[in-house]
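Take a look at the structure below.
Since every read-out is calculated from the coordinates, none of them should be taken as a lab result. Keep in mind it's a predicted model, so treat the numbers as computed, not measured. Don't worry about glycine lacking a Cβ; one is built from the backbone with ideal geometry, like all the others, and counts go over all protein chains shown.
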């Protein structure tokens, strides 16, 4: 029996779905559009595209896990476009860190005094000033509600500021993003912990008509092994909280970190920056040198400044101390290198910084003497997942070994603290210890309460928490007003003149280049490791984009089925087939009837089918077509 081909007739929705980076982003950022704007030098437009759906665009440009890149079609050719780093490039030109920042350029409706204020100033409480909570408040404020954010700590940002090390995310960027959200009328009350400073029931008496719970997961999960109570055993979240709040953490000279996620690598890389026991220097000398070095490095990485001779000497002393005295940091994880969930870039940077990674080990017990850690007993694993890909590690009997350590940091997971919930709050929790919430609406067991982020679904990446906060805001609007703001869209088709449509020469040969990074001997204190692309490099990286918004469109009335398009296609993504071998839904049958009056029999009609996963938008098929039946067109949905 001849092979058949499953096909879909393209409509506007079909073309929209081809922009895979946008489909992969939880807030549907049109990443391809801002990358293409950068390639063409339209930097302000690039920023507006990136910021419109995401109030933390400048932050995501530095620390997003970039699910858009995982979907990028260029990744099937060689390597994904550097979407996250290019977002940072656009943000540094026009984002909150630039002198050009103007939120009303992103949301023109803010300048219109007649704009509809759907919320009419109605009060909504948001618990938690992390990515989910602040995104919810941002969206509510844009709709005209009056959100008040309650934050337990003495600063806003949640795990952005308490969990992400400063060498990855400068605090001034976080403060600027939050200030932009506050400028919309969002009130933030610090040092206001739910269950300590106020009860959940108090919110109703204060006039709040709805509540969003975005309290995060700031409690480290426990590991049920012998010795976890010893002095020198730290939980990852507690460690990062203390480091990022400015408290001194004594670690000793050899530190073992247990875990393989991004948090584990954040801990390990932060440990490298925490030591005070450098060779050849006493504590006072070291503190002075590092203080001066950190201050100068921060200045040098933000301005084109010359350091005076005495400060250069301090820098030299600090660098030499780091070379000789960085503590021994080991990271042990169950997974193999291919299975480690941390980002590949994190692993590579950690290894460059001297962190020793040991795979396929699990902790068995922590050993100590006189109540203090002296080491950890580890056991080799020969499997982490079972045949059904479920987490089910299997350990090798007799493979135990004890590793000496002054401190052991456990980075094995996080959980929300829900001790504040009372029976009268009518809030249900899950067996995993999270708030019960509908992932589509963020609704909880109470109609006036919504929840998202880590507290509802476990540890999330930043952009997923942002998406859930935005989704909750729209559900709150519907709950309070019966309406959500309309987002009318219309189709826009741009037809390119075939003789002028060109990708840049050799675009398919351009290789992915990582952004520049700070030299290893300058990675101390809070000095930011990853830098921004310089202008020419950013545009070259943006030129790698395959422009998935654009594609060949075929006119069946003009096509003579000569096969020239299939012959010239460098990726072999076009094929001429018998119409009778096409397989589709009722739309395909209706199209046959509309065109031919019936479903054609074998051998009566021909068709061209296209494999979208292979097309690189080169346009050679359109150039080759002798009848002009193929045009390169940009089909997209835009705000009406």
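Couple of notes before you dig in:
- Sorting the segments 423-431, 69-77, 54-62 by their residues' average number of neighbouring beta-carbon atoms within 10 angstrom, most packed first, yields 54-62, 69-77, 423-431.
- Inter-label distance, nm, simple model (7 Å from Cα along the C-beta direction), residue 400/residue 637: 5.9
- Amide N of segment 217-245 lying under 12 Å from the label point, which is placed 7 angstrom from the Cα of residue 372 along Cα→Cβ: 231-232
- Theoretical FRET efficiency, 1/(1+(r/R0)^6), r = Cβ-Cβ of residue 598 and residue 553, R0 25 Å, to 0.05: 0.45
- On Cα atoms only, tilt of 131-142 relative to the major axis of the chain in degrees: 60
- Note on the chain: Cα-Cα pairs beyond 37 Å make up 47% of the total pair count.
- Site pair residue 222 and residue 428 shows an inter-label distance of 2.7 nm when each label is modelled 7 Å from Cα along Cα→Cβ.
- Rounded if a/c under 1.5, otherwise prolate or oblate - segment 322-460, Cα gyration tensor axes: prolate
- Additional length obtainable on full extension of the chain from residue 577 to residue 490, 0.36 nm per residue less Cα span: 28.0 nm
- Over all directions, the projected convex hull of the C-alpha atoms in segment 389-478 averages 9.8 nm² in area.
- Protection-proxy order for peptides 44-53, 84-93, 328-337, 573-582, each taking the mean of Cβ atoms within 10 Å per residue, highest first: 84-93, 44-53, 328-337, 573-582
- Cα-based shape type of segment 553-640, given that a ≥ b ≥ c are square roots of the gyration tensor eigenvalues and the cut on a/c is 1.5: oblate
- Potential lengthening between residue 209 and residue 568 on full extension [0.36 nm per residue; Cα-Cα distance subtracted]: 123.0 nm
- Each peptide among 125-136, 556-567, 479-490 gets the average number of other Cβ atoms lying within 10 Å of its residues, and from highest to lowest they stand as 125-136, 556-567, 479-490.
- Anisotropy class of segment 444-527 from Cα gyration tensor, a/c 1.5 cut: oblate
- Extension reserve of the residue 587-residue 70 stretch, reckoned as 0.36 nm per residue once the Cα distance is removed: 183.0 nm
- Separation in nanometres of the label points that stand 7 Å from Cα toward Cβ, at residue 336 and residue 392: 1.9
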